[in-house]
């Protein structure tokens with residue numbers, strides 16, 4: 001029989017508990033010695049299950065033995081794959097957002113240039129049309145009103 005070794009997170013999924021529950025079991029010695037790999041970072045499933053069966057009260061809310069013994073680490077792997085896919089989608093969205101920001105900045109700059117050109121044209125218009133002071137005043141008032149509407 002092959003030796004199954006899992007991370008704390010994967011072992012927690014297998015047992016139907018949180019990762020912090022597994023950390024507590026390790027801290028209090030419920031899982032120790034042969035149930036850990038040499039570096040102490042991974043859990044040897046068969047040995048950890050045997051140690052827990054000897055030390056944990058089965059009536060305290062853990063899943064029935066048959067349920068966690070048949071549990072597979074595949075749900076955890078599926079979540080990892082989903083996380084990778086979500087990260088890839090996030091990167092794609094960030095690229096699209098950056099592109100939209102560049103286009104928006106260019107549009108704003110074009111609009112500012114257009115407004116500056118309109119202002120220059122309106123400055124020259126009264127003289128070209130030979131308008132008197134009253135008409136120039138009306139034109140300036142309308143221009144200010146137009147600017148207030150545009151600037152929001």
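Laboratory data are not the source of any read-out in this text; all were calculated from the coordinates shown. The shown structure was predicted, so the numbers you read here are calculated from the model rather than taken from an experiment. All Cβ positions, even for glycine, are placed from backbone atoms using ideal geometry, and neighbour counts span all protein chains on display.
Provide the gained length on full extension for the span residue 119 to residue 9, in nm with one decimal, where the gain is 0.36 nm per separating residue minus the Cα-Cα distance.
Result: 33.1 nm gained on full extension.
Would you calculate the separation in nanometres between label points at residue 90 and residue 19, each defined as 7 Å from the Cα along the Cα-to-beta-carbon direction?
1.4 nm
For segment 111-152, what class follows from the C-alpha gyration tensor (a ≥ b ≥ c being the square roots of its eigenvalues): rounded when a/c is under 1.5, otherwise prolate if a/b is larger than b/c, else oblate?
The shape class here is oblate.
Checking the a/c ratio against 1.5 first, then a/b against b/c, what shape does the Cα gyration tensor give for segment 1-53?
Note, shape of segment 1-53 comes out rounded.
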